[in-house]
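Report on one structure; see the data block that follows.
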Amino acid sequence: MSTLFVKNNKIICSIPITGATSKIRVKRRKDNFGEPISVKQNSFSENDYAEWQISYFLPIDTIWGNYRIAKTPKDRENILEDLSLNYKSEKIVQYLKKFILETDIKSRKDFNAEVVKVFKRNNETIIVKEHKNGNTYVSYELSDLFKIALLNKLITKKEIEQLINFNNKNELDIEGQYKIIRTTTNKKILDKFEFFKEKTPLFINRISDNTFVEIILQHKQRAVGYQSMVYFCSKAKNLFDKNSRPIIGRTAESNEIIYLPISKDDLIGIAESFIVASSDHAWDMKTILKDIIKQ
């Protein structure tokens, strides 16, 4: 089965569910919250869902970073597989693969410039973020799905324009308006360890009976402040395997790929969630959508 196809007015995406470091995790709902489970050891149930830390940009520097540490031709071949460019055309992937296998460029600047040329020749959205040290990004995952939806008339330019105007007055900016609160319990464990609790803001955008988006605030790992993390979630009953069979009632196979349908409402709901997650996400999302409807 293809990695992506359109059926019944939905985009059917292939996603891995057993990778240890994958952006996809399976969680089991318990007391209104999800806990990660091992799908190799636990059979899928009605209470399970796939959580996808979906992206909309890929930093060009990420490709350079993988190229720089690749030591063998096989390592270079694996670069694009590791990046999971599943939703881009085969032509783009082959152009990139040819360039990566044949180039002997040693300079980050020159390498990135050539990669950008490949993407631009194929009408990919390239964004230079002046407010982020001039770093360059290419459209990815969610952005690719919007392009596919527009191409297949699953969404209209007018609907995308309405999305561009969403939250224009910044009524909600989760990263800017909320914070993680730490409180003391006035307790010590073993008479040594002071016990504190943290209250973390969590927003849920319920899109349909089968899908929802979670936006959670986290401490930044390499900087001061908070960052909003956005996760698209799809219930197990909404997922199926390569033979178009439901996955509930069995464990996952090793390195299994499953299929997740995404509707127009899902795309809009995910984009809206990014727009309210932070002013930076809002700028990114709206800049991408403006470029998409220009093409």
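Among residues of segment 271-286 that are basic (Lys, Arg) and surrounded by fewer than 22 Cβ atoms within 10 Å (Cβ to Cβ), none has a Cβ under 8 angstrom from a residue that is outside any helix (DSSP H, G or I) and modelled with pLDDT under 95 at a sequence gap of 6+ or on a separate chain. Counting residues in segment 52-71 that are part of a strand (DSSP E or B) and over 25 Å from Ala113 (Cβ atoms) gives one or more. For segment 147-165, the count of residues that are under 17 Å from Val276 (Cβ atoms) and part of a loop (DSSP other than H, G, I, E, B) is at least one. Cβ separations smaller than 6 Å between residues 6+ apart or across chains give the following pairs from segment 97-125 residues that are in contact (Cβ under 8 Å) with a residue 40 or more places away in the chain and closer than 27 Å to Ile292 by Cβ to residues that are in a helix (DSSP H, G or I) and not aliphatic (A, V, I, L, M): Phe111/Trp64; Asn112/Trp64; Thr125/Asp291. Considering segment 46-68, the residues that are touching a strand residue (DSSP E or B) at 6+ places or on another chain (Cβ under 8 Å) and aromatic (Phe, Trp, Tyr) include one that is nearest to Asp110 (Cα to Cα), namely Phe57.
Take the conditions in a loop (DSSP other than H, G, I, E, B), exposed (fewer than 12 other Cβ atoms within 10 Å of the Cβ) and of a type in the set (Lys, Arg) and apply them to Lys98. Does it pass? Answer is no for this residue.
Let's see how each residue does on (1) at pLDDT below 95; (2) over 22 Å from Tyr87 (Cβ atoms); (3) of a type in the set (Val, Ile, Thr); (4) out of contact with any strand residue (DSSP E or B) (no Cβ under 8 Å at 6 or more places or on another chain):
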residue	(1), (2), (3), (4)
Ile216	no, yes, yes, no
Arg222	yes, yes, no, yes
Phe232	no, no, no, no
Asn255	yes, no, no, no
Leu260	no, no, no, no
Asp266	no, no, no, no
Ile270	no, no, yes, no
Ser273	no, no, no, no
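Each residue in segment 131-183 was checked for being loosely packed, with under 11 Cβ neighbours inside 10 Å and at positive phi, and 3 pass.
The values are calculated or read from the model by the stated rules, or taken from the named source; none is laboratory data. The model shown is predicted, which means the values in this text are computed figures rather than measured ones. In this analysis, Cβ positions are derived from the backbone assuming ideal geometry, glycine residues included, and neighbour counts consider all displayed protein chains.
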